[in-house]
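Take a look at the structure set out below.
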Amino acid sequence: MLNRRTFLISATALVTIGGTVVASADSTRIRSRSALVYRGPASSPGCPEAVARLLESAPDPYDVTFCGPGEDVPLNAQTLARASLYAQPGGGELKSAWVHMERYAEPIRDWVGTGGHYLGFCLGGYLAGATPGFGLLPGDTARYISSRGSDIDTTGNSIVKVSWRGEPRSMFFQDGPLFVLRDDAPADVLARYRNGKIAAAVTDFGAGRVGVVGPHPEADRSWYTRGLTNPDGIRSDLGHDLIGTLTRGAPRQI
């Protein structure tokens, strides 16, 4: 069961959000290891839940709450202000997702810029870009399957091979993005596809941090259907590495 506990504090107490101290006008706050995971029409069934499990199973676990238009907790500036991490899970097509997510662009950008942590998986990675998207990256995104030298030629479920911190790994993949970052942008590039394009990275945005990944490190056993198998086994270590890199230190140059 997802933990939604909050702790009472004074209405004028100081709250630390992503390393930034701000004044809280609310009578409650969520602990510093508190994450909001979007669940709504811009996500696919099972994706928010998989992201939540990944965050809850991290070496330093998060207290996870789902947010969105159909949830008990809305996605807005007030709820973001009480969290240290916001996760945008996988979903459908970028164009149709943006119809639902454009209204949240300003509060998300403002929150990350003042010290929040944004974590985007597949569609959530696309949405971190700019055409369209929240504009959180020092660059933009593109479809990996359309890039020169891509080894995936289907929009369906597949396995993609990447180099993660120099080690070959296989990951669940479904038409995910690659990330085109400026050459001078400080970034931790965690993974590259076989054609050298960026598959996972952590960058700065204002006082905050942005972690994005094209494949699905959160995929659990239920995602592997119709004979699809991962030769590395079903593991969470890559997702935990992404989360850990997002929440510590400053990115180095690409």
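The values are calculated or read from the model by the stated rules, or taken from the named source; none is laboratory data. Just so you know, these numbers come straight off a predicted model, no measurement behind them. Ligands, DNA and RNA are excluded from the accessible area calculation, which covers all protein heavy atoms including side chains. Shrake-Rupley method; radii C 1.70, N 1.55, O 1.52, S 1.80 Å.
Would segment 89-195 count as rounded, prolate or oblate if I go by the C-alpha gyration tensor, calling it rounded below 1.5 in a/c and otherwise prolate when a/b exceeds b/c, oblate otherwise? Oblate shape, in that a/c is at least 1.5 and b/c is the bigger or equal ratio. Taking all protein chains together and a 1.4 Å probe, the residues ARG221, ARG209, ARG148 rank ARG148, ARG221, ARG209 from largest to smallest accessible area. Taking all protein chains as they are arranged and a probe of 1.4 Å, the heavy atoms of LYS161 leave approximately 90 Å² accessible to solvent. Protein-only accessible surface at a 1.4 angstrom probe places the residues TYR104, TYR38 in the order TYR104, TYR38, largest first. Ranking SER222, SER170, SER150 by solvent-accessible area of protein heavy atoms (1.4 Å probe, all protein chains present), from largest to smallest, gives SER222, SER150, SER170. The residues of the chain present an accessible area of 45 Å² per residue when probed at 1.4 Å with all protein chains retained. Among the protein heavy atoms of segment 122-240, carbon and sulfur supply 46% of the accessible surface, probe 1.4 Å, non-protein parts ignored.
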